[in-house]
Amino acid sequence: MYKGGRIIAGLLLFACLALMPFLINIGKAAAKPSPQVNTPFIQQLTTQTCVEPAAFMKTEHMQLLNQWRDAALRDGKTVYVNSQGQSFPISLENSCLKCHSNPQQFCNTCHTYAAVKPYCWDCHNQGGTSQ
Amino acid sequence: MSVTRRRFLKLGLTTLAGVGGAMALDGFWRGSAEASEVLTDQKALKAKHWAMVIDSDRLKSAENVQRMIDACHRTHNVPDFGNSKDEIKWMGTETYEHAFPGQENGYLNEGIKEKLFPVLCNHCENPACVRVCPTQATFKRPDGIVAMDYHRCIGCRFCMAACAFGARSFNFRDPRPFIKQVNPDFPTRTKGVVEKCNFCVERLEKGLPPACVEASNGALIFGDLDDPNSEVRQVLATHYSIRRKPELGTEPSVYYLIGGGEEHA
Amino acid sequence: MLEKALSGSRRYWAWVAVLLALIAVGFSTYLKQYHEGLGITGMSRDVSWGLYIAQFTFLVGVAASAVMVAIPYYLHNYKKFGKIVILGEFLAVASVIMCILFIFVDLGQPVRVLNVLLHPTPHSVMFWDMIVLSGYLLLNLIIGWTSLGAERKGFPPPSWVKPLIYIAIPWAVSIHTVTAFLYAGLPGRSHWLTAIMAARFLASAFAAGPALLVILCLLLRRLSTFDAGSESIQALAKIVAYAMSANVFFFLLEVFTAFYSHIPEHMAPIRYLFFGLEGHQGLVGFMWSAAILAFVGIGLLINPSTRKNERVLPFALAAVFIAAWIDKGLGLIVGGFIPNPMGRITEYAPTFPEIWITLGVYSIGLLVLTVLYKVAIAVREEESLAAHG
């Protein structure tokens, strides 16, 4: 092979660079996140359900939040009626954070684990008390 | 060679189209739980065309105006950078000459010449800012309010160039460290977006009048321009009023009563 | 063909290294701007666009000017431009890349730039500007690269390139017209609210772009084996002379309308630029320099004896180029914001970080241009070797 040594060395270097994130993190598995839902407000609720079933919220909360954002901000629709017919004010601060008064724990654990950086808190207040 | 390349391209394009289509559909179907809906709040104040009348005779002193500005800026977490370069304001003040350029003359009544007029977003019927925005981050609501979606703004500042009233400010820096006391009920903004007066749409939704109107002791009148019985219509029908730069055809929704010192009812 | 950019003289690599260093400085300064916000620039609430958008506007013109070579060559069969038509196309490619970068560095929220595609808004001129600019970039890249590739193999360009070439001609006019419409349709900015804006843009573009192209040709003659031929250089210089004359004429029309009508808002920005307003004279020196350079440049280029003197020619072209740059890359955009809509004056001067970022973007453009020109010239050298050897 013409200049074979160089090619193989180059390939090895490339493989090392490409695998760098994995090599650096070997043996450093992050603990599985466990978002806490035991805030005082939630504990006082008789039926401890979110605006939609937990399974739906786990997978779709980002889409729901986008839908809420556009409904409230662009169309002036500030009330959400869920699949069971219950209504909630559409508001990150006054609905979501009223129950989930621990956003640092509840939101950030999973987001940090998944290396997701939502820009919500650039503008929205993560709650004055828990900060 | 060319046959395989053609086949490859065909396959690639079909796959891309398929994936794109599937993603679009996926985004469309997901995210809304079955049988859910969004409604307007029963308490909300509603109008076909929100408008404001500023009765300048009732604004006796600069403190009167400052009180309104403070109420607005506190409510909306408007930062104070302490310099005019980065300044952000939803409501400001201008003298007659600057608020109504071209209308001044050398022999104006001293009272009017010296008076500070509140200036804010005019919530124009034909807003140039909305026309130029490349992402619809600024848009006109059916109730006439020119609103902003800070999530969508890319910070190109085309709207600032388009606004003929200097109503828009840009977050040249992170505003948070410059907000003296954060109002937890209203979001702040982030660096890199444009912002402006929102006619207190968040208060109207809760059935409250705008913060500046509440702090104005009756100098600001707020209501529905499309309702002949509304207070704004009554006031405009009985007093002489002017608007800023009417010749540009943007049709401002903010009217000024300039009475020359007479008292109004 | 790109491999031809990987072998070059020591001087070539030194030049590339200088550009890379400037790009590195610009990029690290951009990271600072990204983290701290546009507050590190000289822009303000009143002058909300500055050096970046002005460079964008100016470079759209340089990009559009490729048609000044393409029209004579492709439409009028002016064979003398055959050698430089590729240089015009590659100059357009580098310029459009810089335009896009200048828009990008001007954004407050650059990561959201794709919102323009996610929420397409046909009533915004910015939306159309994005479409025409990206289309123009693709057209020139495809036309230039394919023609060069064909030339290398000794074939005429494939037939499908012909329609693209014809489309590229009106497309070039469209990019500068749409860019002018960004400004000319705003109700509150009297300095920009003029129907002749697009015409002025095109005139200044057809002066500054070919002027730069001739300067580049003269440089290449010194630095490489490429010779554009004095006949095509003279033809381009004449184009520059008359385009710049039209540009100055159009500007004087603006002056007449503003001052004879005596409408304060129309006079104020021109007064600010050339005489200063209320003691603010930030751009007066620049504007008068531009005026003098413009007239000197036109004089030297129209007069045949000075135009044909290749010692004088580069200075005449540089005079025109600098005049056009000051007029459009500085005065026009900044002047539009002064005085502000309330008639108050805030002046603007770029900060050092802003200048470094601007230089960084220019360096990226020059690097792209260097690589593309290197490839084009290497292909030509290969051909002449094959022909003689």
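What number of residues within region C:17-41 are free of Cβ contacts under 8 Å to residues at least 40 places away in the same chain and in contact with a Lys or Arg (Cβ under 8 Å, 6 or more places away or on another chain)?
Residues in region C:17-41 being free of Cβ contacts under 8 Å to residues at least 40 places away in the same chain and in contact with a Lys or Arg (Cβ under 8 Å, 6 or more places away or on another chain): 2 in total.
Out of the helices (runs of 4 or more DSSP H) lying entirely within region A:1-90, which hold 3 or more residues that are free of Cβ contacts under 8 Å to residues at least 24 places away in the same chain and of a type in the set (A, V, I, L, M, F, W, C)?
Details: elements: A:4-24, A:40-44, A:54-75.
Ranges flagged: A:4-24, A:54-75.
Does region B:161-183 contain at least one residue that is open to solvent by 20 Å² or more (accessible area, probe 1.4 Å), part of a loop (DSSP other than H, G, I, E, B) and under 19 Å from B:Leu45 (Cβ atoms)?
There is no residue in region B:161-183 that is open to solvent by 20 Å² or more (accessible area, probe 1.4 Å), part of a loop (DSSP other than H, G, I, E, B) and under 19 Å from B:Leu45 (Cβ atoms).
Cβ-Cβ below 7 Å, separation at least six or inter-chain, first residue in region C:79-107 and closer than 20 Å to C:Phe27 by Cβ and in contact (Cβ under 8 Å) with a residue 24 or more places away in the chain, second of a type in the set (S, T, N, Q) and assigned to a helix (DSSP H, G or I): which pairs?
The qualifying pairs are C:Phe102/C:Gln55.
From the list C:Thr146, C:Thr121, C:Thr57, which residue is in a helix (DSSP H, G or I), within 13 Å of chain B (Cβ to nearest Cβ) and among the polar types (S, T, N, Q)? So that I can check it myself, show each step before the final result.
On the way: C:Thr146 fails: within 13 Å of chain B (Cβ to nearest Cβ); C:Thr121 fails: in a helix (DSSP H, G or I).
Exactly one of C:Thr146, C:Thr121, C:Thr57 is in a helix (DSSP H, G or I), within 13 Å of chain B (Cβ to nearest Cβ) and among the polar types (S, T, N, Q), namely C:Thr57.
Residues that are hydrophobic (A, V, I, L, M, F, W, C), touching a helix residue (DSSP H, G or I) at 6+ places or on another chain (Cβ under 6 Å), part of a helix (DSSP H, G or I) and open to solvent by less than 40 Å² (accessible area, probe 1.4 Å): does region C:152-162 have at least one? I'd like the intermediate steps shown before the answer.
Within region C:152-162, the first condition is being hydrophobic (A, V, I, L, M, F, W, C), and the residues that meet it are C:155, C:160-161.
When the remaining residues are screened for being touching a helix residue (DSSP H, G or I) at 6+ places or on another chain (Cβ under 6 Å), the result is C:161.
With the extra rule that they be part of a helix (DSSP H, G or I), the set shrinks to C:161.
With open to solvent by less than 40 Å² (accessible area, probe 1.4 Å) added as a condition, the list becomes C:161.
There is at least one residue in region C:152-162 that is hydrophobic (A, V, I, L, M, F, W, C), touching a helix residue (DSSP H, G or I) at 6+ places or on another chain (Cβ under 6 Å), part of a helix (DSSP H, G or I) and open to solvent by less than 40 Å² (accessible area, probe 1.4 Å).
Could you tell me which residue of region A:73-108 is farthest from the other protein chains (Cβ to nearest Cβ), considering only residues that are of a type in the set (Val, Ile, Thr) and crowded, with 18+ Cβ neighbours inside 10 Å?
Applying the first criterion (of a type in the set (Val, Ile, Thr)) to region A:73-108 yields A:78-79, A:81, A:90.
From the residues that got through so far, the ones that are crowded, with 18+ Cβ neighbours inside 10 Å too are A:78-79, A:90.
Values: A:Thr78: 5, A:Val79: 4, A:Ile90: 7 Å.
Residue satisfying both the conditions and the ranking: A:Ile90.
Just checking, which of C:Tyr52, C:Tyr34, C:Tyr78 is within 28 Å of C:Phe206 (Cα to Cα) and either touching a strand residue (DSSP E or B) at 6+ places or on another chain (Cβ under 9 Å) or open to solvent by 30 Å² or more (accessible area, probe 1.4 Å) (or both)? Steps first, answer last, please.
Working: C:Tyr52 fails: either touching a strand residue (DSSP E or B) at 6+ places or on another chain (Cβ under 9 Å) or open to solvent by 30 Å² or more (accessible area, probe 1.4 Å) (or both); C:Tyr34 fails: within 28 Å of C:Phe206 (Cα to Cα).
Just a single option satisfies the conditions, and that option is C:Tyr78.
Would it be correct to say that C:Pro170 is surrounded by fewer than 19 Cβ atoms within 10 Å (Cβ to Cβ) and either aliphatic (A, V, I, L, M) or over 30 Å from C:Glu3 (Cα atoms) (or both)?
Taking the combined requirement at face value, the residue satisfies it.
Yes or no: C:Met68 away from chain B (no Cβ under 14 Å), part of a helix (DSSP H, G or I) and surrounded by 24 or more Cβ atoms within 10 Å (Cβ to Cβ)? Explain how you work it out, then say what you get.
Numbers: away from chain B (no Cβ under 14 Å): yes; part of a helix (DSSP H, G or I): yes; surrounded by 24 or more Cβ atoms within 10 Å (Cβ to Cβ): no.
Here the answer is no, as C:Met68 does not meet what is asked.
If the requirement is being open to solvent by 40 Å² or more (accessible area, probe 1.4 Å) and in the same structural domain as B:Pro209 (by TED's automatic domain parsing), which of these qualifies: B:Gly82, B:Gly92? Let's see the steps before the verdict.
Working: B:Gly92 fails: open to solvent by 40 Å² or more (accessible area, probe 1.4 Å).
Going through B:Gly82, B:Gly92 in turn, the sole match is B:Gly82.
Hey, can you tell me all the residues within region C:8-31 that are open to solvent by 70 Å² or more (accessible area, probe 1.4 Å) and not charged (D, E, K, R)?
Just the residues of region C:8-31 that are open to solvent by 70 Å² or more (accessible area, probe 1.4 Å), to begin with: C:10-11, C:13, C:15, C:18, C:20, C:27, C:31.
Hits for region C:8-31 are C:Trp13, C:Trp15, C:Val18, C:Leu20, C:Phe27, C:Leu31.
Which count do you get for residues in region B:110-149 that are within 13 Å of chain C (Cβ to nearest Cβ), part of a loop (DSSP other than H, G, I, E, B), without any contact (Cβ under 8 Å) to a residue 60 or more places away in the chain and buried (at least 20 other Cβ atoms within 10 Å of the Cβ)?
Summing the residues that are within 13 Å of chain C (Cβ to nearest Cβ), part of a loop (DSSP other than H, G, I, E, B), without any contact (Cβ under 8 Å) to a residue 60 or more places away in the chain and buried (at least 20 other Cβ atoms within 10 Å of the Cβ) in region B:110-149 gives 4.
Can you pull out every residue in region C:85-104 that is surrounded by fewer than 23 Cβ atoms within 10 Å (Cβ to Cβ) and within 14 Å of another protein chain (Cβ to nearest Cβ)?
C:Ile100, C:Ile103, C:Phe104
Enumerate the helices (runs of 4 or more DSSP H) found wholly within region C:299-340, keeping only those where 1 or more residues are among the basic types (Lys, Arg) and open to solvent by less than 50 Å² (accessible area, probe 1.4 Å).
Working: elements: C:304-308, C:313-326, C:333-336.
Where helices (runs of 4 or more DSSP H) fall fully within region C:299-340 and carry at least 1 residues being among the basic types (Lys, Arg) and open to solvent by less than 50 Å² (accessible area, probe 1.4 Å), they are C:304-308.
Just to be sure I understand, how many residues within region B:95-109 are assigned to a loop (DSSP other than H, G, I, E, B) and either open to solvent by less than 40 Å² (accessible area, probe 1.4 Å) or of a type in the set (D, E, K, R) (or both)? I'd like the intermediate steps shown before the answer.
Taking region B:95-109 as the starting set, the residues that turn out to be assigned to a loop (DSSP other than H, G, I, E, B) are B:100-109.
Now narrow it down to the ones that are either open to solvent by less than 40 Å² (accessible area, probe 1.4 Å) or of a type in the set (D, E, K, R) (or both): B:100, B:104, B:108.
Of the residues in that region, 3 qualify.
Charged (D, E, K, R), over 12 Å from the mean Cα position of the chain (by Cα), within 13 Å of chain C (Cβ to nearest Cβ) and over 21 Å from A:Trp121 (Cβ atoms), is that true of B:Arg152?
Numbers: charged (D, E, K, R): yes; over 12 Å from the mean Cα position of the chain (by Cα): yes; within 13 Å of chain C (Cβ to nearest Cβ): yes; over 21 Å from A:Trp121 (Cβ atoms): no.
No; evaluated as a whole, the condition is false for this residue.
The values are calculated or read from the model by the stated rules, or taken from the named source; none is laboratory data. Keep in mind that this is a model prediction, so the values were computed, not measured. Because the Cβ atoms are built from the backbone with ideal geometry, glycine has one as well, and the counts that use them run over all protein chains shown. Only protein heavy atoms, including side chains, enter the accessible area calculation; ligands, DNA and RNA are left aside. Shrake-Rupley method; radii C 1.70, N 1.55, O 1.52, S 1.80 Å.
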